[in-house]
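Worksheet for the structure shown next.
The values are calculated or read from the model by the stated rules, or taken from the named source; none is laboratory data. All values reported here derive from a predicted model rather than from experimental measurement. Every residue, glycine among them, receives a Cβ derived from its backbone with ideal geometry; neighbour counts consider all protein chains shown. Side chains are part of the model used for accessible areas, which takes the heavy atoms of the whole protein and leaves out ligands, DNA and RNA. Shrake-Rupley method; radii C 1.70, N 1.55, O 1.52, S 1.80 Å.
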Amino acid sequence: MSASRFLLVSLCASLGACAARQAASLQSYSLGMARAEYRDYVGARVPLCDTEPRWLSDELSSVNGLLARFLSGTEQAANPEALQHSQHLGLLQEATRTLEPVMKIHRQNLKALGECGFHRTGAFPELTRRGTELLEQVKARMSEAPSALAAAELRRAQRRWVEEAPAREASARQTWCTPLPTVGNADLYFARETNDGRTEWLFCDGLRVAAPAEGEPQLITPEGLSKRDRRRIQPQRYLDAAKAYPASEIDRLPDAAASSGGASAGQAVHAD
């Protein structure tokens, strides 16, 4: 083989090797305000150990940084009282949709790095240790997403319940009460359980029965009733009506089952 042909073959082989090393294209990923660049060496069937170590170090560091920022940006996702709760929960929700493929590639790259002759040099030992640690922490944080999202939905449902309570009571009164109810008729139109566990049964004539969380119900009459109206009142009728009212129809603060799509709470019905 001539010298020129030998050089040509060598150059082609060299270029082929370079092409193989570059076959793993650089990918970008953004999560919130964080961004990372990485390569999928396993997916591209390119030996990770053939890459330029400085490039690989930058890529691993880039993903580690994104994972660390994700953890910092979701610390309050499960704390509805935190000022940043909504922002942190939104980032966690976004991550559940998009982050797992990046984590898988990062995990594969860290594992493949252990086969490289340079894996104990420079920043690689710390990048490997830190990356493995971050992957476990992120996996744990991601596992909290369903409960954090459910808690947020429950909180929204409870806030709506409080805001809409007056409208529900007014609607029930309009449905079950006559325009001018007679005192003493004991027509019950609505029942609710307050946040402190107290239950109230409301009657069209303005009377109500109230029961503490622990204790017996009592009839409460409005002020200003005439002696004639007071004589019409038979307390036991009101107490009996309250007792007969279906417990499942009492308007209550939504619980986890109700907020996740169960039967809607607080649908008042008329009890004869």
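Placing a pseudo-label 7 Å from each Cα along the Cα-to-Cβ vector at Asp58 and Leu225 gives an inter-label distance of 8.4 nm. Less than 19 Å from a label point 7 Å out along the Cα-to-Cβ axis of Leu26: which backbone N atoms in region 53-79 qualify, by residue? So the set is 53-67.
Ignoring lysines fewer than eight residues from Lys111 along the same chain, the ones with Cα atoms less than 28 angstrom from its Cα are Lys139. Charging the Cβ of each Asp and Glu at -1 and of each Lys and Arg at +1, and nothing else, the dipole of the chain about its Cα centre rounds to 460 debye.
Helix 235-244 and the longest principal axis of the Cα set of the chain meet at an angle near 30°. Mean 1/r over all different Cα pairs, inverted: what Kirkwood radius does region 43-130 give, in Å? Hydrodynamic radius (Kirkwood, Cα only) of region 43-130 equals 14.6 Å. The modelled label-to-label distance between Glu100 and Arg35, using points 7 Å beyond Cα along the C-beta direction, is 2.7 nm. Using r as the Cβ-Cβ distance of Asp240 and Ala123, and R0 as 51 Å, what FRET efficiency do you calculate, to the nearest 0.05? E(calc), rounded to 0.05, equals 0.05. Packing here is the average count of other Cβ atoms within 10 Å per residue, and on that basis the peptides 66-73, 50-57, highest first, run 66-73, 50-57.
Seen from all directions on average, region 106-256 presents a Cα convex hull projection of 14.7 nm².
Checking every one of the GluC sites (Glu not before Pro) in region 115-158 against DSSP loop status and a limit of 11 other Cβ atoms within 10 Å picks out Glu115.
With a simple spin-label model that places each label point 7 Å from the Cα along the Cα-to-Cβ direction, the separation between Arg198 and Arg155 comes to 2.7 nm. Each Cα pair under 8 Å and six or more residues apart adds its sequence gap; the mean of these over the residue count of the chain is a relative contact order of 13 percent.
With the charge dipole of region 70-221 set up from +1 on Lys and Arg Cβ and -1 on Asp and Glu Cβ about the Cα centre, the Cα lying farthest toward the positive end among the listed residues Ile105, Ser147, Pro166 is that of Ile105. The length gained by stretching the chain between Ser248 and Ser147 to full extension, at 0.36 nm per residue less their Cα-Cα distance, is 33.8 nm. Taking the charge dipole of the chain about its Cα centre, with +1 at Lys and Arg Cβ atoms and -1 at Asp and Glu Cβ atoms, the residue from Leu91, Leu180, Ala157 reaching farthest to the positive side is Leu91. Using 0.36 nm per residue, how much length does the chain from Glu133 to Gln108 gain when fully extended, once their Cα-Cα distance is taken away? Gain in length upon complete extension: 7.6 nm. Computed over the Cα atoms of the chain, what is the ratio Rg over Rh, Rh following Kirkwood? Looking at the chain, the ratio lands at 1.38. Just the protein heavy atoms count here, and of the accessible area of the chain at 1.4 Å, carbon and sulfur take up 52 percent. Largest GNM mean-square fluctuation across Pro179, Pro217, Pro125, computed for the chain with C-alpha springs under 10 Å, falls on Pro179.
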